[in-house]
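J.: Starting off with a structure, shown below.
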Amino acid sequence: MGNTISVCMIARNEEENIKNSLECARKFADEIIVVDTGSEDATPEIARSMGAKVYFFPWCDDFSAARNESLKYATCDWILWLDADDIIDDVNIERIKELKKILPPEKNEAYLFLIESKMVDVDENVWYWYQIRMFPNHKEIRFEGKIHEQVVFSLSRLGIKEKAVNIKITHTGYIKKEKLMEKLLRNLKLLEEEEKRENS
């Protein structure tokens, strides 16, 4: 069998977005894992209806803890992580499928995707950055940091090199003003807690 991909996602109260995101993931993923961190809406039911394996993890103000919980259930060769409000268009889905065909058997690479984030109802207000979104399924590759979590530290320890590829994910989580403010306040709280912990 060729290379397989587990899509890993954490979600909470994302019933407006998760169906669109999982519809994209279904076109290239061999397995979809969704860890729900305390939804009060239909997020888990929608995820199940889209073929995802759904698990539950109580939110503990730590993005890495939640993401690592999702990695725990992945059974495929590679992991590609998504947010519940990420969208991948058909062109980039085809690029993922092409990448899937040429992934190294040594599993010694991790892949930076271009992230496009559209901001608060203003089409021209767009941010771009590169982010590691796909890496080998290895028990020692884990996210670190309560917020702005990343796997770069564990990749470095394992000697896995980072490689930028021509694949774009569109993040839609900041399009609505109320959602933007809600996330900014949440992130500020987590950053303050992180600073207190580091200074204690």
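J.: Check Gly51 against each of (1) open to solvent by 20 Å² or more (accessible area, probe 1.4 Å); (2) in a strand (DSSP E or B) and name the one condition it does not meet.
T.: (2)
J.: I've got another one for you. Take region 92-121 and flag every residue that is free of Cβ contacts under 8 Å to residues at least 12 places away in the same chain and either farther than 18 Å from Thr170 by Cβ or small (Gly, Ala, Ser) (or both).
T.: Residues satisfying the conditions are Glu98, Ile102, Pro104, Pro105, Glu106.
J.: In the list Ser64, Ser70, Ser21, which residue meets the criterion of being of a type in the set (S, T, N, Q) and in contact with a Cys (Cβ under 8 Å, 6 or more places away or on another chain)?
T.: On inspection, the qualifying residue turns out to be Ser70.
J.: Still on this structure: Could you list, in sequence order, all residues of region 106-141 that are charged (D, E, K, R) and either modelled with pLDDT under 95 or over 13 Å from the mean Cα position of the chain (by Cα) (or both)?
T.: Selection gives Glu106, Lys107, Glu109, Glu116, Lys118, Asp121, Asp123, Glu124, Lys139, Glu140.
J.: Can you find, within region 140-160, the residue that is farthest from Ile10 (Cα to Cα) among those that are among the hydrophobic types (A, V, I, L, M, F, W, C) and in contact (Cβ under 8 Å) with a residue 24 or more places away in the chain?
T.: That would be Ile160.
J.: Can I ask one more? If you scan region 23-34, which residues turn out to be in contact with a helix residue (DSSP H, G or I) (Cβ under 8 Å, 6 or more places away or on another chain) and either among the basic types (Lys, Arg) or crowded, with 24+ Cβ neighbours inside 10 Å (or both)?
T.: Across region 23-34, the qualifying residues are Lys27, Ile33, Val34.
J.: Of the residues Asp61, Asp85, Asp89, which is open to solvent by less than 30 Å² (accessible area, probe 1.4 Å), within 29 Å of Pro44 (Cβ to Cβ) and in contact (Cβ under 8 Å) with a residue 24 or more places away in the chain?
T.: The unique qualifying residue is Asp85.
The values are calculated or read from the model by the stated rules, or taken from the named source; none is laboratory data. Predicted, not measured: the structure shown is a model, and the values here were computed from it. Counting neighbours? That spans all protein chains shown, and the Cβs are built from the backbone with ideal geometry, glycine included. All accessible areas refer to the heavy atoms of the entire protein, side chains included, with ligands and DNA or RNA removed. Shrake-Rupley method; radii C 1.70, N 1.55, O 1.52, S 1.80 Å.
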